[in-house]
1. How many residues does region B:18-67 hold that are among the hydroxyl-bearing types (S, T, Y), more than 36 Å from the chain's Cα centre (by Cα) and under 21 Å from A:Y56 (Cα atoms)?
2. Under 6 Å between Cβ atoms, at least 6 apart or on separate chains: pull out the pairs that start in region A:288-305 with a residue that is facing chain B (nearest Cβ under 7 Å) and end on any residue that is hydroxyl-bearing (S, T, Y).
3. Under the condition of being in a loop (DSSP other than H, G, I, E, B) and surrounded by 15 or more Cβ atoms within 10 Å (Cβ to Cβ), which residue from region A:194-244 is modelled with the highest pLDDT?
4. Taking the options B:A112, B:A123, B:A94, B:A80, name whichever one is among the hydrophobic types (A, V, I, L, M, F, W, C) and in contact (Cβ under 8 Å) with a residue 40 or more places away in the chain.
5. If you check A:T178, A:T167, A:T207, which single one turns out to be under 19 Å from the mean Cα position of the chain (by Cα), of a type in the set (S, T, N, Q) and under 20 Å from A:S136 (Cα atoms)?
6. Among the residues of region B:277-325, what is the count of those that are part of a strand (DSSP E or B), facing chain A (nearest Cβ under 9 Å) and not charged (D, E, K, R)?
7. Would you check which residues across region A:1-47 are in contact (Cβ under 8 Å) with a residue 12 or more places away in the chain, under 15 Å from B:P6 (Cβ atoms) and more than 8 Å from every other protein chain (Cβ to nearest Cβ) and list them?
8. Which residues, taken from region A:131-144, are under 17 Å from A:I179 (Cα atoms) and either at pLDDT 80 or above or crowded, with 19+ Cβ neighbours inside 10 Å (or both)?
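The values are calculated or read from the model by the stated rules, or taken from the named source; none is laboratory data. Model, not experiment: these values are computed from the prediction. Note that we place each Cβ from the backbone using ideal geometry, even for glycine, and neighbour counts take in every protein chain shown.
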Amino acid sequence: MAEKALPRLTRLLGIVTYLEQQGPTSFAVLAERFGVSEDQIRKDVGTLSVSGLPGYMPDDLLDFDFSAFDHGVASLTESHGVSQVRLSAREAVALTGALSALVAAGTAPAAALTALDKLRGAMDGNDPMVVLPASSTKPEVSQALLDAVARRRVATVTYVDAHDRLTEREIEPHRLVTIDGIGYVECFCRRAGDYRTLRLDRMNAVTVTDEPVVAAPSDADGFTLVPRFDARVVVARSGRWALEELPGVALDEVGDDVEATFGVTNAHWVAGRLLAIAPYLRVVEPEELVQALGDAAKAVETAQAG
Amino acid sequence: MAAIDPAERLLNLVIALTHTRVRMLRSEIRATVQGYDPVDPSMSEEESKKRDAAFERMFERDKDDLRRWGVPIRTVTDAAHGDDIGYKIHSSDAIMPAIDLTPAELAVIGVAAEYWQGAVLGADARQGLVKVASQVTHHASVDLPFAARTTAAQDATAALIEAAHDRQAVRFEYASATSGTTQRTVEPWRLMIRGGTEYLVGRDRDRDAPRTFRIGRIHGAVKKVGSPGSFEPPEVLPDTMLTGPGDPGTALVALRAEAGHALRSRGEFVSSDGDWDLVRVPFHHPDAVRDEVLALAGAARVVEPPELAASVLEHARAALKVTHG
């Protein structure tokens, strides 16, 4: 399918604005700046050079130096005042909302805050998106990890894992990532001898050592856990909220109930989520998940009833 | 005439409407702007009617596209010419203000733009990035050790942002926890991301009250109703709309040694009682503590308040009913 009109129009105006400010620029540099091939830039400059004011006589058109064109350089000699246009509401909010999510997750470099200020300054009126932190990452934790990533140093962290175990680990941090509003560090964990994606809000303390990072960053994305089995759960509508948060869940309304199907990586973790909506549960399948739920419920009953 | 690329037609339209001194009539646009089919007198009446309608559709769509893209086309009427409507783009409406980003700022915006990938807003983010990048001086690209993405982005979000910006009411099908799927008509005030989940905060017209909607529960398309500028959102939203209904207090929780680290880090150690450590934990809503204690599967129990302890037990027994059934 051909490229859509507005992305191309945006780039066409971007090329004119860029050339106005920077002067003659090679196709290669424009291609890198606008994330397209040199061939596409050549076509774009071709399109620009036949566009202009109604009449479309030579003096009405955007004008380029054609001997430069033949040498792979865009050299604009007449722009007719064409220039990049302001951000639309959606574009502006898409950018500021995502920046805010990075900041809220505690995984943003200092430049994110100044960029956010500048973008908001360029918006017409209020920013209609509010981003609230998902959890509280200690600022000193993200600061220390940023430092370790920047200087490529090993860090020692104390970490509470998803099973509530407190561990001390030596990690080689590669990248800070925001996934669904929560901050993580992608790293090589020396304790596990493997790549890990650790939640920042589960770290109590981080110490940056002098030891250099040696493991190369992983190519894989953070979450590569493979579901072990598929589960089906039916709940009364009031229990829907807990199922919505399960990764990869499909929800269907069946009368007054909601049916959820999803892959289970860790039955104990899912059992913990299901306990929160136990009064609304109607059906839980398969047996392995039923077992995990029953074990967890019995343990809670024993502890609580004393 | 071979149809030219739509981007080229839009570019010519923007240039023409920006340069026209007063306004351009539709007929002038059709006759002179490259990319539209001019009237052809040699055509049969039927054929030219078809062409007229095609031009009207194309021009209406172009106007909408440009407006959504950030460039409002103003309509200009002229008393001397009766009902004729003309069009013009004021450069002051359209031009990108100088934002003056540093290379590091542009690089972090590039990271942020990836957040919405896979959702409708992803295309908007990339386009916004190209717009702001047009102004930034060339430099070696800055490679940042950051990444961002969401798995929760909803296609409805883009339409709701637009409606909130234009102050236009919306109508959609909504699956609520209490009343099933119903149609709602809402004045969208703000969008909110909390814990990676997207919400709409606004006034529900049928219930005549402010409500918070989970965007993931909106089914199908978000339809705009009424005209833009039809309501005024409050400047400050009530706290409870942002944080959810609260019932704050503190709980006394007993934890096994080496367990409940998340609760420990938010709470305050009180004393030890045999194998249990007693920790006092503040909460915004007691349900959150209940769910955490349940998830600890026996490594924690609630000591106080008694209602919370009873609720934990009740949940465990409800689960046992299902697993035995």
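1. Residues meeting the conditions: 2.
2. A:V290/B:T323; A:L293/B:T323; A:G294/B:T323
3. The residue in question is A:V213.
4. Details: B:A112 fails: in contact (Cβ under 8 Å) with a residue 40 or more places away in the chain; B:A123 fails: in contact (Cβ under 8 Å) with a residue 40 or more places away in the chain; B:A80 fails: in contact (Cβ under 8 Å) with a residue 40 or more places away in the chain.
Unique residue meeting the criteria: B:A94.
5. Values: A:T167 fails: under 19 Å from the mean Cα position of the chain (by Cα); A:T207 fails: under 19 Å from the mean Cα position of the chain (by Cα).
Testing whether each residue is under 19 Å from the mean Cα position of the chain (by Cα), of a type in the set (S, T, N, Q) and under 20 Å from A:S136 (Cα atoms) leaves just A:T178.
6. Residues of region B:277-325 part of a strand (DSSP E or B): B:277-283, B:300-304.
Subsequent filtering for residues that are facing chain A (nearest Cβ under 9 Å) retains B:300-302.
Within this subset, residues satisfying the condition of being not charged (D, E, K, R) are B:300, B:302.
So the answer is 2.
7. Within region A:1-47, A:D44 is the sole residue that qualifies.
8. Restricting attention to region A:131-144, the residues satisfying the condition of being under 17 Å from A:I179 (Cα atoms) are A:131-137, A:142.
Those that are under 17 Å from A:I179 (Cα atoms) and either at pLDDT 80 or above or crowded, with 19+ Cβ neighbours inside 10 Å (or both): A:V131, A:P133, A:A134, A:T137, A:S142.
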